[in-house]
Amino acid sequence: MTPTEAHVVTPRRLTIVLLVGLAAVLACILICPLIGPSTLSLQRAFAGQWPDNQMFFGVRLPRVLLALLCGGALSIAGCLFQALLRDALATPYTLGVSSGASLGAVVAICFGFHTIAGLPGIWGAALLGAAVTLLIVLAVASEGNRMSSFTLLLGGVMINGVVTSLIMLLHNLASVRESFAIVHWLMGNIDPPEPFTLIALAIAVLPTSLGLCLMARRWNLMAVGEEWAASRGVSPARLLLIGYVAGSFLSAAVTAVTGPIGFVGLVVPHALRLKLGSDHRLLMPASFLFGAAFLAVCDTVARTIFSVELPVSVLTALVGGPSFIALLRSRRRSLWL
Amino acid sequence: MSAILELASIGISFGPLQVLEDINLRFDVPQMVALAGPNGVGKSTLLSIVAGLRSGYSGTCCAYGKDVRRWKRREFARKIAFVPQSLKLDFPFTAEEVVFMGRTPHAGGFFESDRDRGAVRRAIELTDMGEFAARDFRALSGGERQRVMLASALAQEPQVLLLDEPTSFLDLAHQFAIYSLLRRLSGEGILVIAATHDLNLAASYSDRVVLLRKGCVVADAVPCDALSVAKIDEVFHVRAEWVHRADGRAWITFDDRAGDASL
């Protein structure tokens, strides 16, 4: 190996990144559920002693697992959208689909839909809203069977604006009680989930994320440019479509369960890009694992720092923003800006 | 035996502007071809059509007997590489990572193989970019970037190399080095087509010059015929003179007082 090849992704580098990331996730699984207003013993929990076992397996562990899944999904979706749109400011919410999910949820709250097709009402309505928004954005962004990242970005941002104003409209018309529920939902919350929710979300998130990681070399080409990708043997229009649908699916699935949680999908990929470079073969799996750990830690802090629980979105921005800026400033290579 | 490339009555217009009109060209053997002409005559558009990057044109462009729009992208990219004039990156890829991307059409797996690494090492040596291979692509000068893009295309190990103004940002020594390299590659069995408005590079390094004017081919011949004094006056509105040196090579010199036509 010549010295210049130090930057290329090797199985060894990937293994190290994966092991460190998995260790972080595992640490969250073991440590975060122990933290809380009432102390809990891991030993007693595993021995099946009440109330420790109920608190560990029934409440806190599911909540940590939910935070891990959501953080991973949002980070990898943010990383993907940044590559597809070649826009450093892209987030899982840029292209409107999560707003569509929010609109669906707000409609369900306002009209009191408790169950839709057997799913919890907010869930079903959010997924429906996301799907409708996705189709509208695709229709706006594509010309015939062609689509460019530019039209996708413009179409997505426009529809996002329209959907957001519809949310405001409904919010304005809602009663005080509904209004409170809407605001609470729009802030994004990680509540202890039902096992069914957790399993369904895992089935949606894990295979999608793995598939995206396996396509990493193509995302590298798309991060450079569409023409560049085309002249290196891939179809940019198809990749845009696959990436947009997959990323939207991830963020809609998460939004339906937790509401919008900001900042994770923006800050985690950028922080990792500073450390690992831009190759998506490292960046994507790392985004998933470290994004997962980041949100789990933020949620643990959010529910324990004060006597009342804070919305986790407050924490992700308050913790993520300054630490990202510190990371940015510590880089001697100021090229990034 | 079908031609390597065959363009039949290619035409394209952007709105009311007819950019290319009834272009017919055939490339049968590996050689060094210069696609010459002033700014805005459609050189880049023609190259991007051949590279399979455009639709919405009339006529057909075939590579190895098959319409470029019908090729599978991956198979096409193993045969034909395209070097754009410039490239702007939004994310911090190193120069070497950009070169490695040229291996994508050959890559089977998630990681690069030894063969990939060999091809990249060779491309880096040929384009003399070893000293900045590890640097962020966005920190490189325009000329260095052009060498990286060429290296990426060479790593693709193509049989046809299409280049859009490959030396427009290069210093003189590297201009000559790159054109010598392209000429050598054409001798090794690669069809090289380079768009340029530098007539001396076109004249001294190519086997064949295709001269464009307002979207039409006005000359397609060996350099001394395609770039005759009369043709240069007709297409560029500049008075030129061929200077034959003692070592047998010829250069074109120009008279900076414009010809009778005004631009």
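Some points to look at:
- Relative exposure of A:His114, A:His280, judged by other C-beta atoms within 10 Å (fewest first): A:His114, A:His280
- Annotation: amide H of B:Ala219 within the under-5 Å range of B:Leu211, sequence separation 5 or more or interchain, hydrogens built in the peptide plane.
- Computed from backbone phi with θ = phi - 60° and the Karplus coefficients 6.51, -1.76 and 1.60, the 3J(HN,Hα) list for the stretch A:171-186 is 4, 5, 7, 6, 6, 4, 5, 5, 4, 4, 4, 5, 4, 4, 5, 5 Hz; x is used for glycine and proline.
- Here the Karplus relation 6.51 cos²θ - 1.76 cosθ + 1.60, evaluated at θ = phi - 60°, turns the backbone of the stretch A:79-90 into coupling constants of 4, 5, 5, 4, 5, 5, 8, 6, 9, 5, 8, 5 Hz, with x for every Gly and Pro.
- Computed over the stretch A:3-336, the P(r) curve from all C-alpha pair distances, binned at 10 Å from the origin, holds 6, 25, 33, 24, 10, 2, 0 percent per bin.
- Percent antiparallel among DSSP beta bridges (both partners in the protein assembly as shown, rounded to 5): 60 percent
- Of the GluC sites (Glu not before Pro) in the stretch B:120-197, those whose Cβ has at most 15 other Cβ within 10 Å and which sit in DSSP loop: B:Glu188
- Least to most buried among A:Cys70, B:Cys62 (fewest other Cβ within 10 Å first): B:Cys62, A:Cys70
- Of all aspartates and glutamates in the structure, the ones whose alpha carbon falls short of 12 Å from that of B:Lys79, not counting any fewer than 8 places away in one chain, are B:Glu157.
- Ellipticity estimate at 222 nm from DSSP helix runs (n ≥ 4, -39,500 (n - 2.57)) divided over chain B, nearest 500: -9000 deg cm²/dmol
- Of B:Lys66/B:Lys214; A:Lys275/B:Lys72; B:Lys88/B:Lys231; A:Lys275/B:Lys43; B:Lys72/B:Lys231, pairs whose Cα-Cα distance is over 32 Å: A:Lys275/B:Lys72; B:Lys88/B:Lys231; A:Lys275/B:Lys43; B:Lys72/B:Lys231
- Under a 5 Å amide H cut-off, with hydrogens placed 1.01 Å from N, B:Asp198 pairs with nothing among residues at least 5 apart or on other chains.
- Averaged over the residues of B:84-91, the number of partner chain Cβ atoms lying within 10 Å of the residue Cβ comes to 5.
- Think of each Lys and Arg Cβ as +1 and each Asp and Glu Cβ as -1; about the Cα centre, that makes the dipole of the stretch A:3-336 roughly 960 debye.
- Footprinting exposure proxy for A:Met222, A:Met147 (fewest neighbouring C-beta atoms within 10 Å first): A:Met147, A:Met222
- Farthest towards the positive end of the charge dipole of the stretch A:3-336, among the residues A:Leu327, A:Pro120, A:Gly48, is the Cα of A:Leu327, using unit charges on the Cβ of Lys, Arg, Asp and Glu.
Bear in mind these aren't lab numbers, they're just calculated from the coordinates by the rules spelled out. Here the structure is a predicted model, which means the values were calculated and not measured. Reconstructed Cβ throughout: ideal geometry from the backbone, glycine too, with neighbour counts over all protein chains shown.
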